[in-house]
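See below for the structure under consideration.
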Amino acid sequence: MDSDTKREIIDATGRALCAHGYADLTMQRIAERSSLTTAAIHYHFDTKDDLLDAFLDDLLDRFEARLACEAVDPRERLATFLDAVFTPSSAAENGADADASGDDGADEFPVALMELKGQAPYHDRFRERFRALDEVMRAVVREAVDDGVEAGHFADADPEAVARLVVTVINGAHVRTVALGEDPSATRAVVESVLDRRLGWTPSAGERSAVADGSGSDPDDEDETRDAEVSP
């Protein structure tokens, strides 16, 4: 199939999935959100699961591409990671004029992600893909923290522990965004607080804080870190 047709089908799948949910998603409803017929979609994808496999691959490939950063400075890599996670995908991919494109401005990424994550216990392909995504996210944070500690940009910390905590909080943020309508910036503030306490650094601060340098104290560190780890 040509790339334009695939793009149209994939985009229509995302819109239909967010509108109707996984359980009520049908090829007909996908076709209604495209210029194609149901028969034309079936010509390219035999089943709904085949189409959703392709949709998930596309969704996560684009997200992982946003995580990529070739910068040598680990602080820049970590800042790029946070921007990718907490900036709506429509704005990140289309620029500041995304809302002028004619859609409702809603970010489909967290909704689509949660709909398909809910099927992971019953769908091996989904589960494998989400496990791979989790490892990619943890690797980005882990490697940036490891390099930053070695270079003296960050306070001494366990890179794997920091990565696991940050990714766990991000997963909770997606749930809160979808289920509660919470602004992702609220969770980003929590993640930056964790980074400040664990590494003595945040993107806004730019340099190691007094806590990291040992010239300040933070008696509430453990309590607030535990709060950040609690899933919603």
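The set of residues from the stretch 9-39 being more than 24 Å from Gly118 (Cβ to Cβ) and surrounded by fewer than 16 Cβ atoms within 10 Å (Cβ to Cβ) comprises Ser35, Thr37, Thr38, Ala39.
To keep it simple, each residue is scored yes or no on (1) in contact with a His (Cβ under 7 Å, 6 or more places away or on another chain); (2) farther than 13 Å from Phe126 by Cβ; (3) modelled with pLDDT of 95 or more.
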| position | (1), (2), (3) |
| --- | --- |
| Ala16 | no, yes, yes |
| Asp24 | no, yes, yes |
| Arg29 | yes, yes, yes |
| Glu32 | no, yes, yes |
| Ala39 | no, yes, yes |
| Leu52 | no, no, yes |
| Asp57 | no, no, yes |
| Phe63 | no, yes, no |
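Test Val111 against the stated conditions and say whether it is at pLDDT 90 or above, farther than 19 Å from Val141 by Cβ and of a type outside the set (Gly, Ala, Ser).
Values: at pLDDT 90 or above: yes; farther than 19 Å from Val141 by Cβ: yes; of a type outside the set (Gly, Ala, Ser): yes.
Answer is yes for this residue.
For the stretch 157-170, does any single residue satisfy the condition of being outside any helix (DSSP H, G or I) and in contact (Cβ under 8 Å) with a residue 40 or more places away in the chain?
In the first step, residues of the stretch 157-170 are kept if they are outside any helix (DSSP H, G or I); the result is 157-158.
This time we only want the ones that are in contact (Cβ under 8 Å) with a residue 40 or more places away in the chain, so: 157.
Yes.
For the stretch 195-213, taking the residues that are surrounded by 20 or more Cβ atoms within 10 Å (Cβ to Cβ) and of a type in the set (A, V, I, L, M), the one that is modelled with the lowest pLDDT is identified as Ala212. A single member of Ala106, Ala100, Ala155 is within 19 Å of Asp73 (Cα to Cα) and either of a type outside the set (D, E, K, R) or modelled with pLDDT of 95 or more (or both), and it is Ala155.
Contact map, the stretch 37-48: first residue farther than 12 Å from Thr5 by Cβ, second residue of a type outside the set (A, V, I, L, M, F, W, C) and assigned to a helix (DSSP H, G or I), Cβ cut-off under 8 Å, separation 6 or more or different chains; pairs are Thr38/Gln28. Here is the figure for the stretch 115-133: residues that are part of a helix (DSSP H, G or I), in contact (Cβ under 8 Å) with a residue 12 or more places away in the chain and over 16 Å from the mean Cα position of the chain (by Cα) total 1.
The values are calculated or read from the model by the stated rules, or taken from the named source; none is laboratory data. Nothing here was measured: the structure is a model prediction, and the numbers come from that model. Note that each Cβ is placed from the backbone with ideal geometry, even for glycine, and that neighbours are counted across all protein chains shown.
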